[in-house]
Every structure is written in structure tokens, then in C-alpha cells.
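Read-outs: derived from the displayed coordinates by stated rules, not from any lab. Model, not experiment: these values are computed from the prediction. Cβ coordinates were reconstructed from backbone atoms using ideal geometry, including for glycine residues, and neighbour counts include every protein chain displayed.
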Amino acid sequence: MTNTHLKLDGLAKSYGNFIAVEEFSLDICEGEFIAIMGPSGCGKTTSLRMLAGLETADRGEITLAGKRIDQLPVWERETPMVWQSLALFPFMTVRENVEFGLQMRGVARAERRRRADDWLERLGISTYADRNVARLSGGQRQRVALARSLVLEPKVLLLDEPLSALDAHMAIKMQGELKKLQRELGITFVYVTHSHSEAFSLADRVVIMNLGKVEQIGSPQDIFLRPRSKFVAQFVGGISLLEGKVLGREDSKRFLNTRDGKVRLSHSCGLAEGAAAVLAVRADRISVTITPGWGENEIACTLVSEEFAGAVVNLHLETASGHSLVAQLQQRDLEQLDASIGARVYASWHSDDGFLLDRARQSLPGTKVRAA
Amino acid sequence: MNSPALPARTSGRRLPFLFRRTWPALWILPMPVWLLLFFAVPLGLLVAISFWSVVNYRLTPDATLAAWRHVLGLDFLWASFWRSYGLSMASAVVISLLAFPASYAMAFVAAPRQRLILLGLAIAPFFTSYLVRIYSWQVFLTEGGVISSIVQAFGGKGDSLLNTYFALFLGHATLALPVVLILQTIALANVDRTGISAAANLGARPRAILFRVILPAARPGLTLGLLFAFLLSYAEFVSASYLGGGAFQTLPILVTDLVRAGQQWPRAAVVSLLMIASLLVTAFVTVLWAYREKG
């Protein structure tokens, strides 16, 4: 996973006045699992369609294994796709669906059938080979869609929200199977999704997009622990943000002056005095107490609501200035806290758990983000 | 819906029990009534008349197989039958093929708004009577008519084009082409676009996409278009009579001939029943094929 295999360089696409993708560059290694995530309309599906050749990029280049592919017509690109709607051919049997791509490549009948049957077997759907695809369950149809693409032995597989048509239980089961399949085959997956859990549990690297721009590219841990922009922090969720101005040094310590008081910043803060900054603190790093004086940074809040989330509980707090904070507690800590809704509580955290967001968009390793 | 638990006096507009129970039936009723009055009853009458006899040019209730024996014994009956069937089927196929490029363009090239305008234009001929449209073809096709004058101006012979299969076909197309255009366009417009993209993504070139994906997906609608063109052409009398003339004795012409020559209503009924039977068989087989599924 060292060499660049699939390279997207400055892809851009507009429809009239609407900018679908402003600037998208990404180097993908062989066998890498890339998830592209973002809210609807962020340009993630358009990017995938440009890769497949279903949309022509206004600008930019795509190279696969050193060869430019962005000028090839759809049918000459070796980038099969698994569709959100699956797009199986209802007038063909399961086997005919799987054989279709091979037939288009002129593979002889016997060979076609052998390879299709191999994949039906591998995905556990050979019993349905002669059935109409309309008579299969959601999970079975999903497997047919996968088999139809994988039978072509592609170097890159594109997936457009492939699990969104499945019920939650089936989707989680397929997630595991997809990851296993990708590891075994060693092929590159480019996976578009709006689901955090899919992106974070499957991908080697996650690309977060918003309004046609790449907000951040990084490993799931990177993005989860160190979101670089307010958008990513909010999109990932479970992060409290405090805005303010950086104050001058006091005893080699740096502070941020927020509307709810002064909070200490971690030691490494490169910002000059007076600079506007956004401090982010993960919900699980915030402690909540009913008496003050427990932590380094402390803000008095009102407990607004509790949100039960299994083993943990999210407490939604509001500061005196009306700012929202979120703290994540274990169930038993909540029992000890003994605070009811509307009670006055104190949120505190260690300075090292807070980090400043990069307000200015910077170049990231392997990306070039230019202003359009 | 009125809940049974709700006391009657709280819902001011609660309808009488009988009316509530019959309300859905009232909406469905016109259809079976229509079919009964205008299809089942005339069909029954037709069957009955085929067993009657004609005495002194007057239709007389009877229970005789005379009309059936006579008609089935006619040496030109089967020739007429196959001519009618073959010509109508040929017209249906040619009309479908002619309509297809236009339907394809309306479904895949035209923007939704343009498609509406084009479909509107396709329906426009229905604003004039069919008979008027057939008469205007006569003006074009007859000797000394529009086409023959043009041909003569270029030194050709300029014979009348009437009483040819070409003229008969023009009549069939005038009747059926707009219907086929509409059915085909709807069928093609409803083909799953993602399926088309998926086929291209799997390596299908435009030709393969047309033959392997679009045509199979649109098959029910395209087949129905063909079937309608056939039904309309098969039962067609006006152009068979005015454009085809005496050159083609089709079954509808035979029916009128039998009635005109000696008020042979029972014999005409037998021919009509043969037509209906062959239509039903054709329609049944075609629809079965159109909606056939794999696996």
C-alpha cells in the first residue's frame, strides 16, 4: 500500500451555476479502502460518477495504474460500480446478471459460466442462479450486485451507498463481509456513504466533503480525534466547540478568551495573541460535577437534556452565554452525579484534551486544496 | 374512515350503513356495466345470430348451422383470413419500426417539456376525423392527384397509387402510428436509467445497451404498441375500402359484402366471430410473451 494506484487530480464539476465538486484531488494506493463521506449534495456521488465515467469532469485528470482514464468512455473503464439501487437487470436471471460484464468483454460462454458460478458460490447464492432477481431478498440482491462487479476481477471497485437499501441488521452483516472480501481480494474500494459507522469501521482513509469541497482526508482515528474544521467536528459529532480570541502568554501558558470565561490551551499553540480560534473538546473528555473546583478548565452550565446511548449517556449542557456543550458519561458516573434536568453543573476538562481547529484550510498530505 | 368505537352523534356526517358498504362498489360498477352492455351483450347477440337463418331477405331466429357451414366452406375464406392477418401484422411491424426512432428520441433525447410538446403533436391528428384523413390520402394517391402529378412532372407515368398495399398501409399507419408512438415513448421513458448506466459501467457499448438492456426492459410496452397497431389495422374497414379498394378482400370487407349481398347477417356474424377469436388468441399470446419473466 505504498504506490499510488488511482490518482484524482483537481477534479471539478459544475451544473450551470451549481458547483457539485469544486476541487478534488486524492492519491489512492493499491488495495486501499477509501470512504467518501458527507451530507447529501456534498459532491461525493458526483465524484464517484466522474471516476466511473458517468459524468465528465470540467477540469482535472484521473489516472489508473499510470494510464489516464478520464477521457475513456464509460464502457472502456475497468471501474465497476455497486449502485445504491443495485440496478440489477430484472429481465435476466441471477446468473445472466453476473455474466453480463463478461459477455460484454467477449468471454466465451463456457468460461463465462464457470467464472459466474465461481462468484455465485463464493457469495453463497448459487442456489438462486436461475431465479429472477426480483424474487430475491435484499441481502441476496446485494450479493448479486457484488458478484456482477467482482466477476470482472477489477482493480478498483466503486460503491455508492451500497448498504442503504438493507435493514440495519443486514447492513451490519454485509459491512463485515465487504471488509473481509476487500482484504482477501486486495482490490481498491472507493466507497461513498453518509453513514459514519460504515465509513469509520470500513475505511483505511476517510474523505469528508461538504459543498463540493474536501474538508479533510485522514484515517478514521485522525478524523475522529482531530477534526480540522468546524464542519468536520460537527459532522463527526460528540465534540464541543468554544470560540474566542487567543490571549497573551502568562507564565508560559496560553489562554483562550471565550464568552464564558478564560480557558487554558494546550502547550503547543502556534497562534499569535489576538487571533480568533476555535477550541474543540471531545465529549468523552469532559467531566461533569455538581460542585465547582474539580478541573483546570471549568465552565458553569445548565443541564439541558440527557440522551441515552447504550453504555454511555450524552449530557447536553448550556453555558451562561447560551453556548451548547456535550459531555459523555458512563451510566454509573451519571448515577453518582445525581443531577436533574435544569440543575446547575460544572463542565471541566484537562487542557491537553482540548485542541484548536485549523480555521484556515491547509494543504493536507496527498491533497492539494486550492481556492477556486 | 369512521371508527366503529366513535359514537354516531359525534361524527355529524356519518353515512347510513348500507351506503357506506356499497360506496366502494359504486365506483367500480361503471366498468362491469359498460363491459356487460357494450361487449358481452353484443357478443352474445352475435353468437346467437350466427345460428339464425335468413328467409326472404329477413333475419329469422333459428338454430341452424347453415351459416357456419356456408362460411367455413367458402374457398376464398381462408385466403381472406390469412391476407387480413398477414397484411395487418406486416403493417403493425412496419409501423412499430417506423415509430421506434421517434419514440426513442422523445424518451431519451428530448427534455421532459419537449417530450410533452412532441407527444401533443403526435396526438394532434386525432383532432380531425379518421374518415377525413383517409379521404385526404385519396387526394394524394389517386391518378392525377398530388403524387401522380409530381411524378408526371418529372416524366414518370404517374399511375394511381390507390388499391395498392402501400395505400392500405398508409391508412393503417394513419390510424395506428400516433397510438404506437405514445405507447412506445411511455415504455422507453420508464426504462430504469440507472440500469442503463450500470450496463455501460459493466462494459456495454451503446449498441449492446439498446439490444440487451433497453429493448428487454421496454418489451411489455413495445409489444403492446405492436399489438394495438395490429388490432387497429386488422379490424380496419375505412382504408381497406377507400384506399385498398377491391384489390384486397380483407375480413371486414367480406363482412360488409355478405350483408350487402342478400342481408346475410348470420354469415357476417360467423366471419366476425372468427375475427374476434383470432384477435383474442393473438392478444393473449402477445401479452403472455410481453410479460413473460425469467426464473
For each of B:E236, A:E307, A:E78, count neighbouring Cβ atoms within 10 Å of the residue's Cβ, then give the residues from fewest to most. A:E307, A:E78, B:E236
Specify the inter-centroid distance of the range A:7-72 and the range A:120-135, based on alpha-carbon positions, in whole Å. 33 Å
Listed highest first by mean packing, meaning other Cβ atoms within 10 Å per residue, what order do A:175-184, A:94-103, A:49-58 come in? A:94-103, A:49-58, A:175-184
Based on the Cβ-Cβ distance from A:Q331 to A:K173, what FRET efficiency comes out when R0 is 25 Å, to the nearest 0.05? 0.35
Sequence of B:F76, B:F100, A:F33 once ranked by neighbouring C-beta atoms within 10 Å, starting from the fewest: B:F76, B:F100, A:F33
Net charge contributed by nearby residues that have their C-beta within less than 10 Å of A:K155 (K/R +1, D/E -1): -3
Order by protection proxy (mean Cβ within 10 Å, highest first), peptides A:209-217, B:192-200, B:128-136: A:209-217, B:192-200, B:128-136
Modelled FRET efficiency - R0 56 Å, A:L225 with B:W27, Cβ distances, 0.05 increments: 0.35
How far is helix A:94-104 tilted, in degrees, relative to the longest principal axis of the Cα atoms in chain A, given as a value from 0 to 90 rounded to the nearest 10? 80 degrees
Other chains near A:323-331: what is the mean number of their Cβ atoms within 10 Å of each residue's Cβ? 0
Helix A:168-185 vs. chain A, principal-axis angle (Cα, 0 to 90°, nearest 10): 70 degrees
With runs of 4+ DSSP H residues as the only contributors, calculate the mean residue ellipticity of chain B at 222 nm using -39,500 (n - 2.57) per run, divided by the residue total and rounded to the nearest 500. -20500 deg cm²/dmol
What nm distance separates the two modelled labels at B:F284 and A:L211, each placed 7 Å from Cα along Cα→Cβ? 6.6 nm
What is the Cα centroid distance between the range B:37-51 and the range B:220-295, reported in whole angstrom? 17 Å
Connecting every pair of Cα atoms under 10 Å apart in chain B and solving the GNM, the largest mean-square fluctuation among B:L77, B:L59, B:L162 falls on B:L59
Within the set of other residues whose C-beta is less than 12 Å from the C-beta of A:Q328, count the net charge using Lys and Arg as +1 and Asp and Glu as -1. -2
So which DSSP H runs in chain B come out at 24 Å plus along the axis (Cα) with average Kyte-Doolittle of at least -0.5? B:77-104, B:165-189, B:215-234, B:265-290
Place the peptides B:240-246, B:45-51, B:26-32, B:116-122 in order of packing, highest mean first, counting for every residue the other Cβ atoms within 10 Å and averaging per peptide. B:240-246, B:45-51, B:116-122, B:26-32
Cβ-Cβ cut-off under 10 Å around A:E61, Lys and Arg +1, Asp and Glu -1: the net charge is +1
Across peptide A:145-154, what mean number of C-beta atoms from other chains lies inside 10 Å of a residue's C-beta? 1
May I ask you to sort B:V287, A:V246 by Cβ crowding, counting other Cβ atoms within 10 Å and putting the fewest first? B:V287, A:V246
Can you tell which of A:G16, B:W289, A:L163 lies farthest toward the positive end of the dipole of the protein assembly as shown, using +1 and -1 charges on the Cβ of basic and acidic side chains (Lys, Arg; Asp, Glu)? B:W289
Output field shielding_mean for B:214-222 (other chain Cβ, 10 Å radius) holds 1
Relative to chain A, whose Cα atoms define the longest principal axis, helix A:138-150 and its Cα axis are tilted in degrees, nearest 10, by 70 degrees
